[in-house]
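Quick notes on the structure that follows.
The values are calculated or read from the model by the stated rules, or taken from the named source; none is laboratory data. The model shown is predicted, which means the values in this text are computed figures rather than measured ones. Cβ placement follows ideal geometry from the backbone for every residue including glycine, while neighbour counts extend to all protein chains displayed. Accessible surface areas use protein heavy atoms only, side chains included; no ligands, DNA or RNA. Shrake-Rupley method; radii C 1.70, N 1.55, O 1.52, S 1.80 Å.
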Amino acid sequence: MRAALFTSPGNLDVVDVETPQATADELKIRVESCATCGTDAKIFHHGHPRLDPPQIIGHEIAGEIIDVGANTTGFAPGDRVQVIAAVPCEECWACKAGKQGICINQTSMGYQFAGGFAEEMVIPAAVLKANGVNKIPGDLSFDEASVTEPLACVLNAQRLVHVGEGDTVLVMGAGPIGCLHVRLARALGAKHVMLADINGDRLALSANAVRPDRAIDMSSEDLAAIVLEETHGVGPSVIITAAPAGAAQEQAIAMAAPGGRVSFFGGLPKDKPMIAVDSNVVHYRELILAGANGSSPAQNAEALALIASGKVPVADLITHRMSLENVKGAIDAVTSGDAIKVVIKPQGVSA
Ligand SMILES: [Zn+2]
Ligand SMILES: [Zn+2]
């Protein structure tokens, strides 16, 4: 079969590989949609410490079951399914406490396990053990279902900073994740949602889709002043940084309302992980800072339900569909900001 094989930083080629077979404890799917995200770009350019090449990457996966192992239960050929990306061990203290996102033995699809940029993919036993396979409800498309995993990560982050009724939310970073943050914040009851980016074109594309109450072009507008005005001099009750920029994290802390919650959703580059923070701002304003790392299988199931119910629509965020052969073009489109969400179609792009 054809698959996008990552061999070393800068080398991701679509090649013929041996078609995988499911063991008795596994399932196999025909991959219908595998969405592309910033992490794929990171892996392509820099590799990843937990990824041992050569490996088939791609972790935002939806497809149809074509083979079921003899020891598996609950699934049959023809089932349409969405698969988790981060695979918790279900044995460690974090998993037992229901915090699978910070599982200390976490493995991932497209890292330790072959991923979804391929015509077919085996769903490993570890995914089944973690309840990581969700049936796609009703007539929800594979493309929409493939956006479940990033939405689950967004849901995890917003739960950690308790986004809810009446919040004023600033999302910094207008990529696909920023769009999902805007939509989810609304679904969770936020009353005023702002979206900011340093790339005016990316901001325009995303704001046109998700319609924040205020879009702020940081390249030409004074973010701090506008945010203060929009929140009647108080500051946002929640700020989410969805960009790999330390400056955004520093600004977020400086702008948050007293009692505000700040989510560092986007990680920083490995070689630039330090930021400068006025600790007294955190202290006197009683700010709460939260990280965010992946999502749990339960959050995946919840995210899929949010998409299927229409509470968090994603169809209009999928701006491009590309063939597997064009996977590098898809990664470029995501990186440049010309696309919101790009879905790879390993079975081909139908007209
Ligand atoms: Zn992703
Ligand atoms: Zn664990």
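Once the convex hull of the alpha carbons of the range 30-134 is built, what does its volume come to per residue, in cubic angstrom?
Working: hull volume 11.1 nm³, N = 105.
Cα convex hull per residue, to the nearest whole number: 106 Å³.
Treating r as the C-beta distance of N105 and D222 and R0 as 56 Å, the FRET efficiency rounds to 0.75. Note down the magnitude of the dipole of the range 1-117 about its Cα centre, charges +1 on Lys and Arg C-beta and -1 on Asp and Glu C-beta and zero elsewhere, to the nearest 20 debye. Dipole of the range 1-117, to the nearest 20 debye: 340 debye.
Using DSSP to define loop residues, name the trypsin sites (Lys or Arg not before Pro) in the range 269-335 whose beta-carbon has at most 11 other beta-carbon atoms within 10 Å. All intermediate terms of the calculation are to be shown ahead of the outcome.
Values: sites: K270, R285, K311, R321, K328; in loops: K270, R285, K311.
Sites meeting the loop and neighbour criteria: K270.
Pairs exceeding 20 Å between alpha-carbon atoms, taken from K191/K341; K42/K328; K191/K311; K28/K135; K42/K96: K191/K341; K42/K96. Using 0.36 nm per residue and subtracting the Cα-Cα separation, the extra length available between Q21 and S336 on full extension is 109.8 nm.
Only Lys, Arg, Asp and Glu carry charge here, each on its Cβ (+1 for the first two, -1 for the last two); on that basis the range 154-290 has a dipole of about 480 debye about its Cα centre.
Each residue, K135 and T73, gets one label point 7 Å from its Cα in the Cβ direction; the gap between the two is 1.5 nm. A Förster radius of 35 Å combined with the Cβ-Cβ distance from E165 to E90 puts the calculated FRET efficiency at roughly 0.60.
For the range 102-203, report the % of Cα-Cα distances exceeding 17 Å. Display every interim value, and only then the final one.
Values: 3330 of 5151 pairs.
Across the range 102-203, Cα pairs with separations above 17 Å total 65 percent.
Overall, the accessible surface of the chain at a probe of 1.4 angstrom is composed of carbon and sulfur to the extent of 52 percent.
Rolling a 1.4 Å probe across all protein chains gives V234 an accessible area of roughly 80 Å². Between helix 148-160 and the chain there is an angle of about 40 degrees, using the helix long axis and the longest principal axis of the Cα atoms.
Percent of Cα pairs in the range 156-237 per distance bin of 10 Å, from zero to the largest separation: 20, 54, 26, 0. Please give the Cα centre distance for the range 84-119 versus the range 229-297, rounded to the nearest Å. Answer, in whole Å: 26. Any idea what % of Cα-Cα pairs in the range 154-290 are farther than 27 Å? Cα-Cα pairs of the range 154-290 separated by over 27 Å account for 10 percent. In the context of the full set of protein chains, the chain has a per residue accessible area of 41 Å² (1.4 Å probe). Here the sum of -39500 (n - 2.57) over DSSP H runs of 4 or more residues, divided by the residues of the chain, equals -8000 deg cm²/dmol at 222 nm, to the nearest 500. With contacts taken as Cα pairs under 8 Å at a separation of at least 6 residues, the chain carries a relative contact order of 19 percent.
Express the Stokes-Einstein translational diffusion coefficient of the chain in µm² s⁻¹, to the nearest whole number, given a Kirkwood radius over alpha-carbon pairs, 20 °C and a viscosity of 1.002 mPa s. Don't skip to the end; give the middle numbers.
Numbers: Rh = 20.5 Å.
The calculation lands on 104 µm²/s.
Within the assembled protein chains, the solvent-accessible surface assigned to E64 is about 50 Å², based on a 1.4 Å probe. Using Cα atoms only, what is the angle between the long axis of helix 176-187 and the major principal axis of the chain, expressed in degrees (0 to 90) to the nearest 10? Orientation of helix 176-187: about 70 degrees from the principal axis. The residues packed around L27, meaning those with a beta-carbon under 10 Å from its beta-carbon, carry a net charge of -3 if Lys and Arg are +1 and Asp and Glu are -1. Angle of helix 200-210 to the longest C-alpha principal axis of the chain, folded into 0 to 90 degrees and rounded to 10: 80°.
Compute the relative contact order of the range 154-290 as a whole-number percentage, counting only Cα pairs closer than 8 Å that sit 6 or more residues apart in sequence. Walk me through the numbers before you get to the answer.
On the way: 276 pairs, mean separation 31.8, N = 137.
Across the range 154-290, relative contact order equals 23 percent.
Dipole magnitude for the chain: about 560 debye, using +1 per Lys or Arg Cβ and -1 per Asp or Glu Cβ, origin at the Cα centre. Applying 1/(1 + (r/R0)^6) with r as the Cβ-Cβ distance of R285 and K191 and R0 = 22 angstrom yields a FRET efficiency of 0.60. Remark: spin-label model distance M274-D316 equals 4.5 nm, labels positioned 7 Å along the Cα→Cβ axis. Among 273-279, 54-60, the peptide with the highest mean count of other Cβ atoms within 10 Å heads the list, and the full ranking is 54-60, 273-279. Take I102: with every protein chain present and a 1.4 Å probe, its accessible area is about 90 Å².
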